[in-house]
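Have a look at the structure below before the remarks.
The values are calculated or read from the model by the stated rules, or taken from the named source; none is laboratory data. Because the structure is a prediction, the values reported are computed rather than measured. A quick note on method: Cβ atoms are made from the backbone with ideal geometry, for glycine too, and the neighbour counts reach across all protein chains shown.
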Amino acid sequence: MDLVLSILLGVVVAATPLAFAAIGELVTERSGVLNLGVEGMMIIGAIAAFAATYGTGSYIIGSLAGALAGAAMGALFGVLTLSLMSNQVATGLALTLFGLGLSALIGQSYSGVSLPRFPQVHIPILTDIPFVGPLLFGQDGLVYLSIALVAGVSWFLASTRAGLILRAAGENHDAAHAIGYPVIGIRYLAVMFGGACAGLGGAYLSLVQTPLWVENMSAGRGWIALALVVFASWKPTRVLGGAYLFGGVAILQLHSQALGLRVDPQILSMLPYLATIVVLVVISRDRMTMTLNAPACLGRAFHASS
Amino acid sequence: MTDAPILKLQGVTKTFPGVIANDNVSFAVGEGEIHALLGENGAGKSTLVKMIYGVQKPDSGEMTFRGKPYAPARPFDARAEGVGMVFQHFSLFETLTVHENIALGLSKAEAARGDLRRRIIDVSAAYGLKVDPARLVGTLSVGERQRVEIVRCLLTGPKLLIMDEPTSVLTPQEVGVLFQTLRRLASEGCSILYISHKLEEIRSLCDRATVLRGGRVVGSCDPGQETTRSLAEMMIGATLNTPRREPVEPGAIRLQVAELSLTSDEQFGVDLENVSFNVRAGEILGVAGVAGNGQTELMEALIGERTLRFPRQIQLDGVPIGHEGPKARRSRGMCFAPEERLGHASVPGMSLWENTLLSAGASNDLAPGGIISIANASRFAGEIVGALNVKTASVRSAARSLSGGNLQKFIMGREILQNPKVLIASQPTWGVDAGAAAAIHRVLLELAKSGAAVLIISQDLDELFTISTRISVIAGGHLFASQPTEELTVETLGLAMGGRSKEIRAAREAAHV
């Protein structure tokens, strides 16, 4: 029982940063921008959150700093790709490399420092219920925030006029422009929201998961988040499911020895990507569902004159 | 119609880097008037209406709308004032529903007023524009999409409706329905600014016409009192030299197609059934038909984009070539000009000289030994530009930077200057202005005269009557036996294209024998 509980708690911890980063990227992509710099935005968020928490002693200020730093990275990406019209794929890759390098530079003075444990919610009675209590009512605040964020994005895209306009910009930017919506402005907001979410995901890594600053600590999670968006076929609620599935695979890797699984950990770490490829193949089989799911203007530069 | 103009433009000028799109344009649209804006490609029609709709701002000049100064900064402002616009390339979102698409085109307050779904149904019912609010736009036909655009405009209660080339994508039947709607709107007091270069339509629909050339207003007229010829001459500012077909003595059969059947690989395509025909040297065979009756599939089979099982189904000068791909067919002296200018007949982002390499690389030795000869390709591109009077800054300009008519002239020139034995062209003058169309027709006639066999697939009956020696009709994947052009009238062809009359059924049976 204790082993199962610790595995499930581990899954939540592994899934939350993925959920943050992926829901942000989902909003970015639905607006028509492909930002491959999630990894870079996450790691900058991680070091900013760690440094701010270390300096102020406040986890709230730390988390905010992570989100702001991620949003700043997103804004940088926006300036390059939306205003200066640079290639989105190349710029995204550069953003990742830039983020990894910059975070290592800033992080030099923080290596070996550790933070106290991130406070967890404790609701009397509820949290004390065996097994279910700690799982449902004893998590840290960021976990609940990530779930609320997914629900909020899901509602925003499906039920609000602003969400409809955002989807329209990703679907057909020329038409959105012709009707009179500010495509570039919408995309700036979406990219910065994506950056803030990735930053929060990074903050979760350095504040909760370890809680230490380690160089390159994002360790490919930004890429998994990118894969997750496709895996979820651009649907918010599926992102959450996918995050927990992929988080589960990561934890399985850690516990495979203890569980007596005779699978190489390398194979397990390939699973999220394999699953993404399989899902891509499945949804691409039917052209109609593919065109219905993927934002049609994804990755295409927009200029008002064309 | 009243005398007070609803929209008045005074000295409107708009320049883009290097071009004056509109130069001191003044004209007025009366209330309840259907006003045509006529002009060749690049005459400045689109820029002008974009300014009226608030997509672009004039550099100088004044507009008044309903007696008040009018300077919309954004399309929202224009719509708030009562100006609606239906775009040539629809501004619709395929993965959204009709309802969502319409909501996007309305202001926030307008979209929130009452039950939008109910209002869509009411307006569409009132004007006979049937649309289902819950359908995804991606699943609608082109005609239905246009209805969505119009309904979206009507919901804002427009006083002026701008239609940019609305009929270029419609079947003749859909055009008829559209015209009824427009006439009804005009009778209710809504003015319509109608952009087109289909002169026949403008003559039958519009009350007045303003003619633009090179960004300036060069005249205005009552199109009903003019002939298509005089309208065309006003547009191009020169006497229109409509090429005339001279009787030819047909030579030997060059292209023979026998019992060609082909299953379409498109979801909504049309299967070809037992298509047989031949084209002799010196002849131009016209294939008439409403779009989507097997023309795409016939073109694919003739170009070799889809190869056939039996080589004998297509023969060039008696040699079976049905199994060969496009490159092999080209090397035998066939040339092709597919319908879609950008993307099929040319690579939009490549320069003109690079585009010559695509189809004329082998025939004109533009890449000897696999190494591109920029000098040869540029020279050949220059020849084309000179021969057809293509308006372009240089042969280094990207294909997409040319206007539709000029790019089409370039593509036709590229194929024709290779001196093909057989030329196959689909919609050679689609969306091309009268001057460019006449130029293309002239070179086609010259090519045939020099002994080539030419096949033209077109929806434009005037075009086919101008240049074809014989015309046959394609309907539902069947190709009816051709008849000499002299023995045909537009009416009989129109009936055959609809595939309704008794004679046609008889002809169909005869074709099966």
Margin query: Quick test of your reading of the structure: B:SER26 fulfils all but one of (1) surrounded by fewer than 20 Cβ atoms within 10 Å (Cβ to Cβ); (2) hydroxyl-bearing (Ser, Thr, Tyr); (3) over 28 Å from B:GLU233 (Cα atoms). Name the failing condition by number.
Written below: (3)
Check: Can you tell me which residues in the range A:123-132 are part of a loop (DSSP other than H, G, I, E, B) and under 19 Å from A:ASP2 (Cβ atoms)?
Finding: A:THR127, A:ASP128, A:ILE129, A:PRO130, A:PHE131
Notebook entry, point to check: Just to be sure, is A:ARG238 more than 14 Å from every other protein chain (Cβ to nearest Cβ), among the basic types (Lys, Arg) and touching a residue at least 24 places away in the same chain (Cβ under 8 Å)?
Noted result: no
Check: Residue check: is A:VAL208 more than 14 Å from chain B (Cβ to nearest Cβ), touching a strand residue (DSSP E or B) at 6+ places or on another chain (Cβ under 7 Å) and not in a loop (DSSP other than H, G, I, E, B)?
Finding: yes
Next item on the list: Could you list all residues from the range A:171-181 that are of a type outside the set (Ser, Thr, Tyr) and either more than 7 Å from every other protein chain (Cβ to nearest Cβ) or farther than 11 Å from A:CYS297 by Cβ (or both)?
Entry: A:HIS173, A:ASP174, A:ALA176, A:HIS177, A:ALA178, A:ILE179, A:GLY180
Next item on the list: Quick one: B:LYS130 ticks every box in (1) surrounded by fewer than 18 Cβ atoms within 10 Å (Cβ to Cβ); (2) part of a loop (DSSP other than H, G, I, E, B); (3) modelled with pLDDT of 90 or more except a single one, so which number is it?
Entry: (3)
Note to self: Return the residues of the range B:112-127 that are small (Gly, Ala, Ser), surrounded by fewer than 16 Cβ atoms within 10 Å (Cβ to Cβ) and either within 11 Å of chain A (Cβ to nearest Cβ) or in contact with a helix residue (DSSP H, G or I) (Cβ under 7 Å, 6 or more places away or on another chain) (or both); say none if nothing qualifies.
What the structure shows: B:ALA112
Checklist line | Enumeration of residues in the range B:128-174 that are within 14 Å of chain A (Cβ to nearest Cβ) and among the β-branched types (Val, Ile, Thr) | finding: B:VAL137, B:THR139, B:VAL148, B:THR156, B:ILE162
Checklist line | Output for the range A:152-170, where each listed residue is loosely packed, with under 14 Cβ neighbours inside 10 Å, more than 11 Å from chain B (Cβ to nearest Cβ) and closer than 15 Å to A:ILE23 by Cα | finding: A:GLY152, A:TRP155
Check: For the range B:303-359, how many residues are small (Gly, Ala, Ser) and over 25 Å from the mean Cα position of the chain (by Cα)?
Finding: 6
Checklist line | Where A:ILE184 falls short, out of the listed (1) more than 12 Å from chain B (Cβ to nearest Cβ); (2) not in a helix (DSSP H, G or I) | finding: (2)
Checklist line | From B:GLU305, B:GLU300, B:GLU324, residue being among the acidic types (Asp, Glu), assigned to a helix (DSSP H, G or I) and assigned by TED's automatic domain parsing to the domain that holds B:PHE465 | finding: B:GLU300
Next item on the list: Would you please name the residue that is nearest to A:ARG167 (Cα to Cα), looking only at residues in the range B:69-99 that are surrounded by fewer than 19 Cβ atoms within 10 Å (Cβ to Cβ) and within 8 Å of chain A (Cβ to nearest Cβ)?
Entry: B:GLU94
Next item on the list: Using the structure shown, decide if B:THR167 is within 24 Å of B:LEU38 (Cβ to Cβ) and surrounded by 16 or more Cβ atoms within 10 Å (Cβ to Cβ).
Entry: yes
Checklist line | Odd one out for B:LEU116 among (1) in contact with a His (Cβ under 7 Å, 6 or more places away or on another chain); (2) touching a residue at least 60 places away in the same chain (Cβ under 8 Å) | finding: (2)
Notebook entry, point to check: Where residues in the range A:133-162 are among the hydroxyl-bearing types (Ser, Thr, Tyr) and in a helix (DSSP H, G or I), which of them is farthest from A:VAL13 (Cα to Cα)?
Noted result: A:SER159
Item checked: Scope the range A:1-56; condition farther than 26 Å from A:ASN293 by Cα, aromatic (Phe, Trp, Tyr) and surrounded by 24 or more Cβ atoms within 10 Å (Cβ to Cβ); matching residues -> A:PHE50
Check: Give me the pairs: first residue in the range A:22-38 and closer than 15 Å to A:THR96 by Cα, second residue acidic (Asp, Glu), beta-carbon distance under 7 Å, and six or more apart or on different chains, which are they?
Finding: A:ASN35/A:GLU25; A:VAL38/A:GLU25
Item checked: Residue list for the range B:203-220, restricted to those being under 19 Å from B:ILE20 (Cβ atoms) and in a loop (DSSP other than H, G, I, E, B) -> B:GLY214, B:GLY215
Note to self: Quick test for you: out of B:LEU444, B:LEU358, pick the one residue that is hydrophobic (A, V, I, L, M, F, W, C), surrounded by fewer than 23 Cβ atoms within 10 Å (Cβ to Cβ) and modelled with pLDDT of 85 or more.
What the structure shows: B:LEU358
Margin query: Quick check on this structure: which one of B:CYS190, B:CYS221 is surrounded by 21 or more Cβ atoms within 10 Å (Cβ to Cβ) and in the same structural domain as B:VAL83 (by TED's automatic domain parsing)?
Written below: B:CYS190
Check: Inside the range A:72-94, can you point out the residues that are in contact with a helix residue (DSSP H, G or I) (Cβ under 6 Å, 6 or more places away or on another chain) and aliphatic (A, V, I, L, M)?
Finding: A:MET73, A:ALA75, A:LEU80, A:LEU82
